[in-house]
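Data block below; observations after.
The values are calculated or read from the model by the stated rules, or taken from the named source; none is laboratory data. A quick note: this is a predicted structure, and the numbers were derived from the prediction, not measured. Methodologically, a virtual Cβ is constructed for each residue, glycine included, from the backbone with ideal geometry; neighbour enumeration extends over all protein chains shown.
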Amino acid sequence: MRIVLGVTGGIAAYKAAELARLLLQQGHTVQVVMTRSAREFIQPLTFAALTGRKVITELFDHSSPEATLSSSVEHIGVAQEHDLLVIAPASANTLAKLAHGLADDFLSTMYLAFRGPVVIAPAMNNVMWEHAATQANVSALRALGHILVEPADGYLACGTYGPGRLAEPAVIADAVERVTKSGSDLAGQTFLITAGPTQEPLDPVRYLSNRSSGKMGYALAEAALERGAKVILVSGPVAIRPPRGAEVISIRTAAEMLDAVMGNLERASVVIKCAAVADFKPAVESAQKIKKSQARLSLELEPTVDILATVGKNKGNRLLVGFAAETQNLREEAHRKLTVKNCDMVVANLVGGSGTGFEAENNAVVLAMQSGEFVELPKAPKIEIARQIIDVTAKIIDRRMRS
Ligand code: CTP
């Protein structure tokens, strides 16, 4: 593939040299474009020597009148002649420019004229990363279908610890590899993915629910879309935006989720049950607000239908992936649920700790396979974990198709 590597200003700009080397090793050609601030941190010569190409640094070349004329449309030519745009590191300023369509230098102008896939690896101070404006820009870029390689937690150049450190060059190169190799290897597959919590009403103003944020399920939807799958996302109430291209069915209760899943099962070739479904619901939903006049209140709960097990009984030749949220005996419980619910794979995570699982940005999971094997996916941003789960799922589909 012909790749444009955009390097923007930040201490992590030096890591882009390693990324350029990895992309070249993967067999791609690499054209580096540097912003003015990037050149404060690393010399264009480093990239020119690595890639064997002149690095583009300015929108206009003023070395001669002819050069000025031809450079005035060079951004269009570069956009048309390349297959993939990777921006690493992407500064907060660059994210804002891309999200809003500002075009005031070569990289941002070329980006607007570029039609292929875009991989963006941000890096910045943790407070800047967590700022609502940056997060809104990140969401807008995701909504455009771009692939965000999230920054990792770590010690930052400014001396603080937190999210904002550029993902390792190998991780960014892997994301590029996935786009180049398998851009659409899941085309033709329909993934039915459930996400988020359910809410079981007690009365008109109260409900029973859990701490699920929906982030893991939404990340799975995004990862499946990246590889060309069609995605039906059955989602409980969450505060995040769904990835662009997913067909979203919003539900509230476990019973509504059951209906949505079973009603769409026919269309699905893969079912991933990531949602944290309530196991119990109030036996009676009070029509009026429950008053606090009583000294004590006991609630009678009744079980909900296990949706995963129901799909397991009716799955035909669909691939079924369940989740298991555990506070102990992770592997044993994952394997038990795999067998009892007739799954092809169970993604198990430890919940109740800090930094992973419910509500967290990161996750660490163990995949329980039908063969009895376990695959550990160490702590990483949820989108990275999701891409690896989709990768394993794609391999199972591939193996089945071959046999
Ligand atoms: N699940 C479901 N319907 C339910 C409850 C759970 O489909 N009513 C699914 C979840 O989406 C998940 C899997 O079952 O994929 C495991 O959920 P989990 O809460 O870990 O386990 P449970 O089966 O509820 O068992 P336990 O509470 O004993 O751990």
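Assorted remarks:
- Beta carbons closer than 6 Å, at least 6 apart along the sequence or on distinct chains, pair a first residue in segment 188-207 that is of a type in the set (Phe, Trp, Tyr) with a second that is surrounded by fewer than 18 Cβ atoms within 10 Å (Cβ to Cβ) for Tyr207/Pro201.
- All positions within segment 318-355 that are assigned to a loop (DSSP other than H, G, I, E, B) and in contact (Cβ under 8 Å) with a residue 40 or more places away in the chain: Arg318, Asp344
- Residue satisfying condition, being at negative phi, surrounded by fewer than 23 Cβ atoms within 10 Å (Cβ to Cβ) and at pLDDT 95 or above, within set Pro65, Pro89, Pro44: Pro44
- Candidates Pro243, Pro197, filtered to the one that is touching a strand residue (DSSP E or B) at 6+ places or on another chain (Cβ under 6 Å) and either closer than 26 Å to Gly355 by Cβ or not assigned by TED's automatic domain parsing to the domain that holds Gly353 (or both): Pro197
Yes/no per residue for (1) at pLDDT 90 or above; (2) in contact with a His (Cβ under 8 Å, 6 or more places away or on another chain); (3) in a strand (DSSP E or B):
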position: Lys181; (1), (2), (3): no, no, no
position: Tyr218; (1), (2), (3): yes, no, no
position: Ala224; (1), (2), (3): yes, no, no
position: Ile232; (1), (2), (3): yes, no, yes
position: Ala239; (1), (2), (3): yes, no, no
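- Residues of segment 21-59 that are among the charged types (D, E, K, R) and more than 17 Å from Val86 (Cβ to Cβ): Arg36, Arg39, Glu40, Lys54, Glu58.
- Meets criteria (out of contact with any helix residue (DSSP H, G or I) (no Cβ under 8 Å at 6 or more places or on another chain), of a type outside the set (S, T, N, Q) and either within 10 Å of the ligand (Cβ to nearest atom) or in the same structural domain as Val234 (by TED's automatic domain parsing) (or both)) for Leu367: no
- Those residues of segment 316-326 which are of a type outside the set (D, E, K, R) and near the ligand (Cβ under 9 Å from one of its atoms), in sequence order: Val321, Gly322, Phe323, Ala324, Ala325
- As for segment 52-69, it holds no residue that is part of a helix (DSSP H, G or I) and in contact (Cβ under 8 Å) with a residue 12 or more places away in the chain.
- Test: residue in segment 289-300 that is small (Gly, Ala, Ser), at pLDDT 95 or above, out of contact with any helix residue (DSSP H, G or I) (no Cβ under 6 Å at 6 or more places or on another chain) and not assigned by TED's automatic domain parsing to the domain that holds Gly145: no
- For segment 327-360, taking the residues that are of a type in the set (Asp, Glu) and loosely packed, with under 13 Cβ neighbours inside 10 Å, the one that is farthest from the ligand (Cβ to nearest atom) is identified as Glu359.
- Of the residues making up segment 272-315, those that are part of a loop (DSSP other than H, G, I, E, B), more than 8 Å from the ligand (Cβ to nearest atom) and more than 16 Å from Gln370 (Cβ to Cβ) number 19.
- Candidate set: segment 356-374, residues that are assigned to a loop (DSSP other than H, G, I, E, B) and of a type in the set (Gly, Ala, Ser); chosen: the one modelled with the lowest pLDDT: Gly357
- The condition of being in the same structural domain as Asp259 (by TED's automatic domain parsing) and at pLDDT 95 or above holds for Asn342.
- Test for Ser209: is it surrounded by fewer than 20 Cβ atoms within 10 Å (Cβ to Cβ) and either of a type in the set (Asp, Glu) or outside the structural domain of Gln26 (by TED's automatic domain parsing) (or both): yes
- Looking across segment 250-271, the residues that are in a strand (DSSP E or B) and within 15 Å of the ligand (Cβ to nearest atom) come down to Val270, Val271.
- Scan of segment 98-107 for residues that are free of Cβ contacts under 8 Å to residues at least 60 places away in the same chain and crowded, with 23+ Cβ neighbours inside 10 Å, ordered by number: Leu98
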